[in-house]
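Remarks on the structure that follows.
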Amino acid sequence: DARVTQTPRHKVTEMGQEVTMRCQPILGHNTVFWYRQTMMQGLELLAYFRNRAPLDDSGMPKDRFSAEMPDATLATLKIQPSEPRDSAVYFCASGPAYLTEAFFGQGTRLTVV
Amino acid sequence: AQKITQTQPGMFVQEKEAVTLDCTYDTSDQSYGLFWYKQPSSGEMIFLIYQGSYDEQNATEGRYSLNFQKARKSANLVISASQLGDSAMYFCAMRGHGSSNTGKLIFGQGTTLQVKP
């Protein structure tokens, strides 16, 4: 049963700490997205990759957020330093080249106190 | 710029009846795709259905169908024979493929659907 796997599922951290979220896309999918979901802003696209290359990260605060794909089976989203306003659910999604479907992981619920 | 608009923040439907969730979009791309997702209270995002801009027939997946009206730039989701388990938030999304977009997938604000027994 192919699925997108995100870790951790939940993270509570103190303001100023580094947070790393990981995503394993579905095998064979070459497009990966990172989203942030909050009640106020809805689903915001933070960054996305095709064939491991970043295509658009304009939705991401550059001073504290970074996204990478070290290899085809791993995408990471880092926040350093974290702030309370970063509290949200972070989703990773992956899809095939022609993107006729895109599947989401279960999300990482981040709480920064 | 691309934009997805869902104008219905919340909707009610009686169990076993059909319901239409509205979605309009704006894009200058000739080639694009439209998606619908379901997000139940558990929080997961479930892919429901996809429609390509060049597809001549409306997409269907079980009880879900997408009413695609290209000239009106609308891509409404129709759920037939509603079930209590259909109560959830529903998101419309679009990915473009042209000079204004490199394939990113953007979402509307969502519509909350409640199915009444």
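The values are calculated or read from the model by the stated rules, or taken from the named source; none is laboratory data. What you see is a predicted model; the values in this text were computed from it and never measured. With ideal geometry, Cβ positions are generated from the backbone for all residues, glycine too; neighbour counts draw on all protein chains shown. Calculation scope for accessible area: heavy atoms of the full protein, side chains included, ligands and nucleic acids excluded. Shrake-Rupley method; radii C 1.70, N 1.55, O 1.52, S 1.80 Å.
Heavy atoms only, probe 1.4 angstrom, no DNA, RNA or ligands counted: give me B:16, B:116 ranked by accessible area, highest first.
My answer, sorted largest first, is B:16, B:116.
Quick check: residue separation of residue A:12 and residue A:53 times 0.36 nm, minus the Cα distance between them. What number comes out in nm?
Going from the current span to full extension adds 11.8 nm.
Between residue B:16 and residue A:80, how many nm apart are label points set 7 Å from Cα along the C-beta direction?
6.0 nm
Among the listed pairs B:3/B:116; A:78/B:3; B:38/B:116; B:70/B:116; A:62/B:73, give every one whose C-alpha distance is greater than 26 Å.
As for pairs spanning more than 26 Å Cα to Cα, those are B:3/B:116; A:78/B:3; B:70/B:116; A:62/B:73.
Simple spin-label model, 7 Å along Cα-to-Cβ: residue A:20 to residue B:61 in nm?
3.4 nm
With the full set of protein chains in place, find how many percent of the accessible area of chain A is carbon and sulfur; take the probe as 1.4 Å.
Whole-percent figure for carbon plus sulfur exposure: 51.
With every protein chain present, what is the per residue accessible area of the protein assembly as shown (1.4 Å probe, Å²)?
50 Å²
Placing one identical point scatterer on every Cα of chain B and ignoring solvent, what is log10 I(q)/I(0) from the Debye formula at q = 0.13, 0.14, 0.18, 0.22 Å⁻¹?
Results for chain B at q = 0.13, 0.14, 0.18, 0.22 Å⁻¹ read -0.46, -0.54, -0.86, -1.23.
Only sites in a loop by DSSP and with at most 15 other Cβ atoms within 10 Å count here; which GluC sites (Glu not before Pro) in the stretch B:1-77 make the cut?
Taking the stretch B:1-77 and a limit of 15 other Cβ atoms within 10 Å, the loop GluC sites (Glu not before Pro) found are B:15, B:17, B:44, B:56.
Just to be sure I understand: if you take the accessible area of chain B alone plus chain A alone and subtract the pair, with a 1.4 Å probe, what total do you get in Å², rounded to 100?
Summing both chains' loss of accessible area gives about 1500 Å².
Return the residues of the stretch A:66-113 for which accessible area with all protein chains present is lower than in the chain on its own by 10 Å² or more; set the probe to 1.4 Å and exclude ligands, DNA and RNA.
A:91, A:98, A:99, A:100, A:101, A:102, A:103, A:104, A:106
Could you sort A:36, A:85 by accessible area so the largest value comes first, with the probe set to 1.4 Å?
Ranked from most to least accessible, the order is A:85, A:36.
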